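> Before I ask anything, let me first share the structure, which is written out below as structure tokens.
The values are calculated or read from the model by the stated rules, or taken from the named source; none is laboratory data. Computed from a predicted structure; not experimentally measured. Please note: Cβ atoms are built from the backbone with ideal geometry, for glycine as well, and neighbour counts cover all protein chains shown.
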Amino acid sequence: MRDPYPTVFRRYLGSLIDGLLMLGAVIGGGFLIGDVGPRFTWLRGVWLGFILLGYEPLFTSLSATVGQRLMGFRVRRHADSTRRIPIPSAYLRYAVKLFLGVISFFTMSFSRQQRAIHDIAVGSVVITWPPVMIPGEEPIGAAA
């Protein structure tokens, strides 16, 4: 039976996939926008801002990022793992994650639910997806 909470390694790989995807989107978008001429160079800033400030929080709160999907996990509310985290919580989670970097993942080893500092800060939990059945209990994240 699978663990209902993904390991540090799976979560790190999900973040790595998202980081590489974001890097590719910034570079690719920069090249495409650069070809439209100097009149639209402001689009580079908008594109960069969306990728760096919008991708992870928005996708995490609405469903999942590409890395989260590929690695088979979702971010949900700790109090009710069937519900997604709200957008403001996703932004705060992302800010703490960026500020602390890899240090944020160190608490995962000491938490039964593998919660990182950025999860604890906003009251979120990362669950394996699709939901895992635990004998005698409700499935974790089943209604989400």
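> Suppose the filter is surrounded by fewer than 17 Cβ atoms within 10 Å (Cβ to Cβ) and at pLDDT 95 or above; does V66 pass it?
When the stated conditions are applied, V66 passes them.
> Could you list, in sequence order, the residues of the stretch 73-96 that are within 22 Å of G19 (Cβ to Cβ) and without any contact (Cβ under 8 Å) to a residue 60 or more places away in the chain?
Across the stretch 73-96, the qualifying residues are V75, I85, I87, S89, A90, Y91, L92, R93, Y94, A95, V96.
> Is there any pair with a first residue in the stretch 110-130 that is closer than 14 Å to F73 by Cα and a second that is of a type in the set (S, T, N, Q) and part of a strand (DSSP E or B) whose Cβ atoms are under 9 Å apart and which are 6 or more apart or on different chains, and what are they?
Pairs found: R115/S124.
> Of the residues that sit in the stretch 11-49 and are charged (D, E, K, R) and in contact (Cβ under 8 Å) with a residue 12 or more places away in the chain, which one is surrounded by the most Cβ atoms within 10 Å (Cβ to Cβ)?
It comes out as R11.
> Test I33 against the criterion of being over 16 Å from Y94 (Cβ atoms), among the β-branched types (V, I, T) and touching a Lys or Arg at 6+ places or on another chain (Cβ under 7 Å), and give yes or no.
yes
> Which members of the stretch 77-115 meet the condition of being in contact with a strand residue (DSSP E or B) (Cβ under 8 Å, 6 or more places away or on another chain) and among the hydrophobic types (A, V, I, L, M, F, W, C)?
I85, A90
> On the given criteria, is I85 in contact with a Ser or Thr (Cβ under 9 Å, 6 or more places away or on another chain), surrounded by 13 or more Cβ atoms within 10 Å (Cβ to Cβ) and over 28 Å from R115 (Cβ atoms)?
For I85, the condition - in contact with a Ser or Thr (Cβ under 9 Å, 6 or more places away or on another chain), surrounded by 13 or more Cβ atoms within 10 Å (Cβ to Cβ) and over 28 Å from R115 (Cβ atoms) - is not met.
> Take the residues in the stretch 50-63 that are out of contact with any strand residue (DSSP E or B) (no Cβ under 7 Å at 6 or more places or on another chain) and not hydrophobic (A, V, I, L, M, F, W, C), then tell me which one is surrounded by the most Cβ atoms within 10 Å (Cβ to Cβ).
Only one residue tops the list, namely E56.
> Another question about this same structure. In the stretch 60-86, how many residues are under 26 Å from A25 (Cα atoms), out of contact with any Leu (no Cβ under 7 Å at 6 or more places or on another chain), hydrophobic (A, V, I, L, M, F, W, C) and not in a strand (DSSP E or B)?
Residues in the stretch 60-86 being under 26 Å from A25 (Cα atoms), out of contact with any Leu (no Cβ under 7 Å at 6 or more places or on another chain), hydrophobic (A, V, I, L, M, F, W, C) and not in a strand (DSSP E or B): 4 in total.
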